[in-house]
1. Within the group 369, 308, which residue is of a type in the set (Asp, Glu), touching a helix residue (DSSP H, G or I) at 6+ places or on another chain (Cβ under 8 Å) and modelled with pLDDT under 95?
2. Return the only residue of 156, 167, 161 being surrounded by fewer than 10 Cβ atoms within 10 Å (Cβ to Cβ) and modelled with pLDDT under 70.
3. State whether the residues of region 281-288 include one that is hydrophobic (A, V, I, L, M, F, W, C) and buried (at least 20 other Cβ atoms within 10 Å of the Cβ).
4. Of everything in region 1-33 that's touching a strand residue (DSSP E or B) at 6+ places or on another chain (Cβ under 6 Å) and of a type in the set (S, T, N, Q), which residue is surrounded by the fewest Cβ atoms within 10 Å (Cβ to Cβ)?
5. Kindly evaluate residue 38 against the criterion of being assigned by TED's automatic domain parsing to the domain that holds residue 94, at pLDDT 85 or above and either of a type in the set (S, T, N, Q) or out of contact with any Gly (no Cβ under 6 Å at 6 or more places or on another chain) (or both).
6. Is there any pair linking a residue in region 7-19 that is in contact (Cβ under 8 Å) with a residue 24 or more places away in the chain and within 13 Å of residue 51 (Cα to Cα) to one that is among the β-branched types (Val, Ile, Thr) and in a helix (DSSP H, G or I), with Cβ under 6 Å and at least six apart or on different chains, and which?
Amino acid sequence: MATIGLVCGNEVDRELLALMAGECGHLVQGAGRLPEVVEILRERRPKLMLVVDSPQQDAETLVREILRVSPLIPVVVALKDRDASRAVRLMRTGACEVVAPPWTREALQACVGKALRLPGTVYSVTRVPRPPTAQAYFFSVLLFFCAAFGWMALQRQAHLRQEILERKDSWELPYKHPAGMAFDGGQLWIADWFTQSVYAHDPSSLALRRIVHFTDEVPLALAFGTDAVWTASAAGRITRRMKDAGWTRVQTYADGAPNTLCMAFDGLYLWTCDSRRHQLHKHLLDAQLTTVASYRYPGVAPVALAYDGKNLWSLDAANRELVLHNIDRPDEAVERIPLPEYKDGRYRPAGLAWDGERFWSVGEAIPKDSRPARVFRHYVSGLK
């Protein structure tokens, strides 16, 4: 159980969030004004501060003041209104997590749990060491040579162990319902159908860098082209968008690709997959998004497509494997590569991306809502 400071001017909202945090097993110290916040930080020493952003209470100001008093304490902001740009602004100010409305115990628990894993402010007393003696110098040199010889003896084993550990890279995401994945040359983008948003992550740390929210669309798949980004919705529409801050809609193709869960761009054609009819479609990028060819999908449950610069790949959720397609005859599977990350059945594959060197995938927890989604980085033999 952790002590949490709660800052909210509205008493009803404060009681609601205190109840949710209490159900998650935390002790809540409530505050309505800034002086009370400072008192809580100095007297109660909370592990985390939860701040409500509202028109009557500017969260940016509160976050700055909290971090001034306690620089390393994690701060979670709960938004009253869903606003992706506001969430990004708050995270740049110093908030480590942002909870979007409507507030639920599950969403609050996930954000608070992740924030509590961050190290807080630590104070310690350091004693001034005595001047070293000649005997201490001798033992220091002896210890140095022993460590050097031991390091040299263990290099071969360490190198082999490092290669094995790198094959287990995975990260937990701050949301639960992934529906598509793509790489834009610098960031990994993942769609979440429940929040109707796409999230940009740093591929080195999977830190959240940007959020684009769709008010009238449930995104299921996405693909990046040379000068545009393509999205597929649950309503069966394909949308071409600009690569600007808000992904401005340029053109929508109604019923352009029904039942589409997969999409990829090969530099010339847009590929989609009808998950219900198990058909791959190759489209021209014209005004009608004309389908120039269709092929039978050589698998069981396609959930994602990716293009690595030479070959078309798909991710089969039923067989938990990567499928390499013959680019001239996509209904022919050239190779099938099992993904051991999904062997235990704890996650179901939902998206696939190629970053120029390796594959990435995103999986939804089984059963649904049992835990956050997870991203896996794959090292496939024979590839770069």
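The values are calculated or read from the model by the stated rules, or taken from the named source; none is laboratory data. Quantities reported herein were computed from a predicted structural model and do not represent experimental measurements. With ideal geometry, Cβ positions are generated from the backbone for all residues, glycine too; neighbour counts draw on all protein chains shown.
1. Working: 308 fails: touching a helix residue (DSSP H, G or I) at 6+ places or on another chain (Cβ under 8 Å).
One residue alone meets the criteria, 369.
2. Result: 156 is the single residue among 156, 167, 161 that is surrounded by fewer than 10 Cβ atoms within 10 Å (Cβ to Cβ) and modelled with pLDDT under 70.
3. To start, the set of residues in region 281-288 that are hydrophobic (A, V, I, L, M, F, W, C) comprises 284-285, 287.
Of the ones still in play, those that are also buried (at least 20 other Cβ atoms within 10 Å of the Cβ) are none.
No: zero hits.
4. 3
5. Details: assigned by TED's automatic domain parsing to the domain that holds residue 94: yes; at pLDDT 85 or above: no; either of a type in the set (S, T, N, Q) or out of contact with any Gly (no Cβ under 6 Å at 6 or more places or on another chain) (or both): yes.
Here the answer is no, as residue 38 does not meet what is asked.
6. Short answer, once both residue conditions are applied: 7/37.
Matching residues to (1) of a type in the set (A, V, I, L, M, F, W, C); (2) closer than 20 Å to residue 378 by Cα; (3) touching a residue at least 12 places away in the same chain (Cβ under 8 Å):
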site	(1), (2), (3)
172	no, yes, yes
175	no, no, yes
178	no, yes, yes
183	yes, yes, yes
189	yes, yes, yes
192	no, no, yes
201	no, yes, yes
212	yes, no, yes
220	yes, no, yes
